[in-house]
Ligand SMILES: Cc1ncc(COP(=O)(O)O)c(C=O)c1O
């Protein structure tokens, strides 16, 4: 977030320190204004699971744009219905109702409102290091003080417990709790993978107290962690599943998915003008078809395993730990990550941070294997000699 002008642009809210101007993308490659090609190891922030400008998604978009760009949610639309049916067909049969919006934060906001309304309670239990977005409700559940403090007072009643501490979680969840909100893998918070014991205790304590359990899979969804949805790995099924980022292959979308029984208990109203637009739904339908047909979760699992094997050889005097699941990987360094990211960029690879010392990798799940290997090699060199 910056109030300063970046490269003379009047844009407000851009990331600080941007140096590159990117003008084009294709699969795992992004080109700058000077025509230089970069390999994307995370530059699309987890939106590009299907690669940049995936041809099947762009074709579906072009077709839909000619047919009908926008339609209010007060009207039925076959493209929306088809997309929702396809999405639900990929989930456990308890999931039956979907609220469509335009971003991860909106998916979280809807989850918070549904939980409050369906339970009649206000307390939210979230995790330390968790990230759920920047709108006031989602920010209230987000952990990092720097993000929260300038905007306080936020939504009251949020309690943060240490991630992967089942005892602390069980102690925090009580008859006042509306919602337990967790990421199965914390992305922004440094790439931390949930333990099965932690997720099971979340499921058991919410079931016992009548609270709802939401998994924020905004970053882990659509194949990223080696399963179409990360929760499948543990077999712990939440009451609310929150999706966004790559769900529509690069077009803005958010989805809050729940059961019939919970939807029936919702009182009040919730709406978003652009939510469920035919454009996003056409893209979403094409994206889901592509992800399933091209076995993207399996690809993420295999390339992720290759990545972890290669990264395990990084020198321990530079690296504290390598963590992750599928193609969501974090390398915790013993020093600040920023210079390493700059050096990778100079070598033609764009990666991300997750906090001050973690190098985060979120490549497209379609990245050609030689490019992934080259990226890992570049990381090795940069870390070793940086
Ligand atoms: C786990 C998680 N939840 C929510 C969000 C917020 O999504 P958005 O930026 O689309 O509002 C993010 C964004 O990085 C995220 O990683």
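Each reported figure results from applying straightforward, stated rules to the coordinates on display, with no laboratory input. This is a predicted model, so every value here is computed, not measured. Using ideal geometry, Cβ is built from the backbone for each residue, glycine included, and neighbour counts are taken over all protein chains shown.
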**Item:** All positions within the range 226-240 that are away from the ligand (no atom under 12 Å from the Cβ) and either within 16 Å of residue 181 (Cα to Cα) or part of a loop (DSSP other than H, G, I, E, B) (or both)
**Value:** 226, 227, 228, 229, 231, 234, 235, 236, 237, 238, 239, 240
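This table checks each residue for (1) away from the ligand (no atom under 16 Å from the Cβ); (2) in a helix (DSSP H, G or I).
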| residue | (1), (2) |
| --- | --- |
| 199 | no, yes |
| 207 | yes, yes |
| 218 | no, no |
| 250 | no, no |
| 255 | no, no |
| 268 | yes, no |
| 271 | yes, no |
| 281 | yes, yes |
| 284 | no, yes |
**Candidate set: the range 131-146, residues that are more than 8 Å from the ligand (Cβ to nearest atom) and part of a loop (DSSP other than H, G, I, E, B); chosen: the one nearest to residue 161 (Cα to Cα)** = 143
**Message:** Consider the range 28-49. How many of its residues are out of contact with any helix residue (DSSP H, G or I) (no Cβ under 9 Å at 6 or more places or on another chain) and on the phi > 0 side of the Ramachandran plot?
**Reply:** 2
**Message:** Based on this model, can you work out whether residue 80 counts as in contact (Cβ under 8 Å) with a residue 24 or more places away in the chain, surrounded by 15 or more Cβ atoms within 10 Å (Cβ to Cβ), assigned to a loop (DSSP other than H, G, I, E, B) and more than 16 Å from the ligand (Cβ to nearest atom)?
**Reply:** no
**Message:** Just the residues that are outside any loop (DSSP other than H, G, I, E, B), farther than 16 Å from residue 25 by Cα and touching a residue at least 40 places away in the same chain (Cβ under 8 Å), please, taken from the range 346-365.
**Reply:** 352, 358, 360, 361
**Request:** Being in a helix (DSSP H, G or I), within 16 Å of the ligand (Cβ to nearest atom) and touching a residue at least 40 places away in the same chain (Cβ under 8 Å) is the filter here, so list the residues in the range 83-113 that pass it.
**Result:** 104, 105, 106, 107, 108, 110, 111, 112, 113
**Asked** Assuming residue 163 fulfils every condition listed in (1) more than 15 Å from the chain's Cα centre (by Cα); (2) surrounded by 20 or more Cβ atoms within 10 Å (Cβ to Cβ); (3) more than 21 Å from residue 352 (Cβ to Cβ) apart from one, which condition is it?
**Response** (3)
**Message:** Residue pairs, Cβ under 7 Å, 6 or more apart or interchain, first in the range 45-59 and farther than 13 Å from residue 300 by Cα, second surrounded by fewer than 16 Cβ atoms within 10 Å (Cβ to Cβ). List them.
**Reply:** 52/26; 53/26
